[in-house]
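Input: a single structure, listed below in structure tokens.
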């Protein structure tokens, strides 16, 4: 037969992919409500089993990176596979306002312009970030299309849309009504640069070497790496069972010389003081240490702020007031040496320092009134769901990590001192009773009766973006009454990065169970980081960042997708080299050339193969491969399915079967059968080139390959 004109030239992804994506999008088949019906043997419509993945909404603040390309590829493979198997398949996309992360990105832009967010009215800053985010959102959506994402754009949701905000407020109110929300003055992780508190998950720990100071505190020796915090230390703590200090009783008072003169110190007995560490004695700075704060709480001790919100010393520091702690440390130590208060200095002390995960600045623990969620009751139900198999974490190691974190969970600070995000719906006013000032709080979008004129003012904080994102599965599907919620919840798979297992997956699980009574997803597939060819983490400073869109433009999206999938086991990091992607560009060309050869052969009239036209042994071999690949995808062994298809098409079909068939017209029907069904099996992995070839087939069961019938039948639940 005559070869279609397209095959007279090599496959050109750059000239093909936009046109193919437009065909898909124009067909309406990304929307599960428009999918063609499948008919049974009697010609009656078959009820379609629902399948749903809710897309982790990419941050709408910049270009997609390699990690985004990986999640798009993995999820699109799962979605296209389900759609071709006749399921009512929904992949629901979204975009994330990304709270703190986006504000940090915009602050960098302001810095380049010589502006500061601290000098801007909040309303102006919010409006500027909104315009910036919505512009990036459109750009990001175009990139998702370039990567082949076959998601239902008609259902897309932005994390600041009205429906999202309403549900988040409802959850906040329910947590309060159920006694799981409280406002408390607790130690928080404070970033002096960005002027906001951060959750424990938003801090990183860096190993640093710094001097360790042994200081004389009356008759005791205490140790610290932060002498600048010690101005308010008026309590000396020792273990109640430490025989060395048995003569000291709880409450004993000691007069001693300290940094800025004589002070009165009080003895405290507490098991937090470890007799095996140093002298076994410690002083406490409750405002700037979590451990010290807990000791103060247990013994009902007062505490005082030493360092302000910008990292400068307060008047309690005397002559050092107004100095940054970085500049003051050496001067404080020098003064203490002059007073004979420094016993010795270990100049090579290694310790882990908490830092802000965005700017790397050292976290300053501060006592601040914030909104906290009590997590232990929520975690108990999540633990039950994991251990019972109600939700399956698809690698044992990640399941153990998740359970350990849930079993040791701490209360969650959901307040952020930033402009960009969902405002916390809470109002407060000062009240006075028995001569004491206190604060009264009201939960709601509006102040209580009496309103602003009665002293009520709005909480200026916003929610931690993970608080709203943790409700994403049931919000997107229209909880509680939406048809999508009734049809698709719980969703089938949550595929996302292993690095946000605690940030997002665990919290989605807890809040999903709390609000809906059901797990938000049945399976969790976690991918690792995408690293460079040498296994190093990609960073702009190293110059080793691989832009997925640049690679896609050079090699084609199909080659990029195969490069991201082959050899990529769940939960492990992937080393990605352009040379690997280049190899799959050659594979796409190989598939194109196979199609050109097959379509040049004589085929049975009408392609209705007569008995014996297809070589049975080759058909059986292919059908076994199809069943094997199907099983792999069902079991989430996507990397294995991709590799098996690659080797079959290249090493078996092209190198052996095609070569053997040359000059033998009786192979025509067999070649066509293998080509047609190879396109189906490869389509989830390499959607563009397979669809481009499908369009040139002389006869096909459907206009678009994306809704063609999957060539194998298999059923089985996910296994680890």
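Below, the figures for the structure above:
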{"item": "Check on residue 268, assigned to a strand (DSSP E or B), under 46 Å from the mean Cα position of the chain (by Cα) and surrounded by 17 or more Cβ atoms within 10 Å (Cβ to Cβ)", "result": "yes"}
{"item": "Test: residue in the range 617-632 that is farther than 17 Å from residue 682 by Cβ, surrounded by 15 or more Cβ atoms within 10 Å (Cβ to Cβ) and at pLDDT 95 or above", "result": "yes"}
{"item": "Condition check for residue 292: within 38 Å of the chain's Cα centre (by Cα), buried (at least 18 other Cβ atoms within 10 Å of the Cβ) and without any contact (Cβ under 8 Å) to a residue 12 or more places away in the chain", "result": "yes"}
{"item": "Checking residue 42 against (1) within 16 Å of the chain's Cα centre (by Cα); (2) surrounded by fewer than 23 Cβ atoms within 10 Å (Cβ to Cβ), the condition it does not meet", "result": "(1)"}
{"item": "Residue in the range 382-393 that is closer than 23 Å to residue 525 by Cα, under 29 Å from the mean Cα position of the chain (by Cα), crowded, with 16+ Cβ neighbours inside 10 Å and modelled with pLDDT under 95 present", "result": "no"}
{"item": "Cross-chain or 6+ apart pairs with Cβ under 6 Å, the range 528-553 first and at pLDDT below 85, then part of a helix (DSSP H, G or I) and surrounded by 13 or more Cβ atoms within 10 Å (Cβ to Cβ)", "result": "546/66"}
{"item": "Selected residue (criterion: surrounded by the fewest Cβ atoms within 10 Å (Cβ to Cβ)) from residues of the range 142-162 that are out of contact with any strand residue (DSSP E or B) (no Cβ under 7 Å at 6 or more places or on another chain) and farther than 22 Å from residue 65 by Cβ", "result": "162"}
{"item": "Subset of the range 659-692 [surrounded by fewer than 23 Cβ atoms within 10 Å (Cβ to Cβ) and not in a helix (DSSP H, G or I)]", "result": "662, 663, 664"}
{"item": "Candidates 422, 500, filtered to the one that is crowded, with 16+ Cβ neighbours inside 10 Å and at pLDDT below 95", "result": "500"}
{"item": "Restricting the range 298-328 to residues that are part of a helix (DSSP H, G or I) and touching a strand residue (DSSP E or B) at 6+ places or on another chain (Cβ under 7 Å), the residue that is modelled with the lowest pLDDT", "result": "325"}
{"item": "Residues satisfying the stated conditions in the range 1-30, i.e. touching a residue at least 12 places away in the same chain (Cβ under 8 Å), surrounded by fewer than 16 Cβ atoms within 10 Å (Cβ to Cβ), in contact with a helix residue (DSSP H, G or I) (Cβ under 8 Å, 6 or more places away or on another chain) and not in a helix (DSSP H, G or I)", "result": "3, 10"}
{"item": "Residue in the range 226-251 that is farthest from the chain's Cα centre (by Cα), counting only those that are under 23 Å from residue 323 (Cβ atoms) and assigned to a loop (DSSP other than H, G, I, E, B)", "result": "234"}
{"item": "Failed criterion for residue 599 (all others in (1) over 39 Å from the mean Cα position of the chain (by Cα); (2) more than 21 Å from residue 687 (Cα to Cα); (3) modelled with pLDDT under 95; (4) buried (at least 19 other Cβ atoms within 10 Å of the Cβ) hold)", "result": "(2)"}
{"item": "Test set (1) in a loop (DSSP other than H, G, I, E, B); (2) at pLDDT 95 or above - residue 484 fails condition number", "result": "(1)"}
{"item": "Residues of the range 45-77 that turn out to be within 30 Å of residue 101 (Cβ to Cβ) and either in contact with a strand residue (DSSP E or B) (Cβ under 7 Å, 6 or more places away or on another chain) or surrounded by 20 or more Cβ atoms within 10 Å (Cβ to Cβ) (or both), as a count", "result": "23"}
{"item": "Those residues of the range 89-127 which are farther than 28 Å from residue 477 by Cα and in contact with a helix residue (DSSP H, G or I) (Cβ under 7 Å, 6 or more places away or on another chain), in sequence order", "result": "106, 107, 110, 116, 117, 125"}
{"item": "Where residue 645 falls short, out of the listed (1) modelled with pLDDT under 95; (2) part of a helix (DSSP H, G or I)", "result": "(1)"}
{"item": "Within the range 572-590, tally of residues that are surrounded by fewer than 19 Cβ atoms within 10 Å (Cβ to Cβ) and assigned to a loop (DSSP other than H, G, I, E, B)", "result": "3"}
{"item": "Of all residues making up the range 84-115, the number that are within 30 Å of residue 633 (Cβ to Cβ) and either surrounded by 24 or more Cβ atoms within 10 Å (Cβ to Cβ) or under 18 Å from the mean Cα position of the chain (by Cα) (or both)", "result": "8"}
{"item": "Filter result for residue 593 (in contact with a strand residue (DSSP E or B) (Cβ under 9 Å, 6 or more places away or on another chain), farther than 17 Å from residue 14 by Cβ and surrounded by 14 or more Cβ atoms within 10 Å (Cβ to Cβ))", "result": "no"}
{"item": "Helices (runs of 4 or more DSSP H) (entirely within the range 362-481) containing at least 3 residues that are touching a strand residue (DSSP E or B) at 6+ places or on another chain (Cβ under 7 Å), touching a residue at least 12 places away in the same chain (Cβ under 8 Å) and at positive phi", "result": "none"}
{"item": "Any hit, the range 608-623, residues being out of contact with any helix residue (DSSP H, G or I) (no Cβ under 6 Å at 6 or more places or on another chain), farther than 20 Å from residue 3 by Cβ and touching a residue at least 40 places away in the same chain (Cβ under 8 Å)", "result": "yes"}
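The values are calculated or read from the model by the stated rules, or taken from the named source; none is laboratory data. Quick caveat: nothing in here was measured; it's all calculated off a predicted structure. Reconstructed Cβ throughout: ideal geometry from the backbone, glycine too, with neighbour counts over all protein chains shown.
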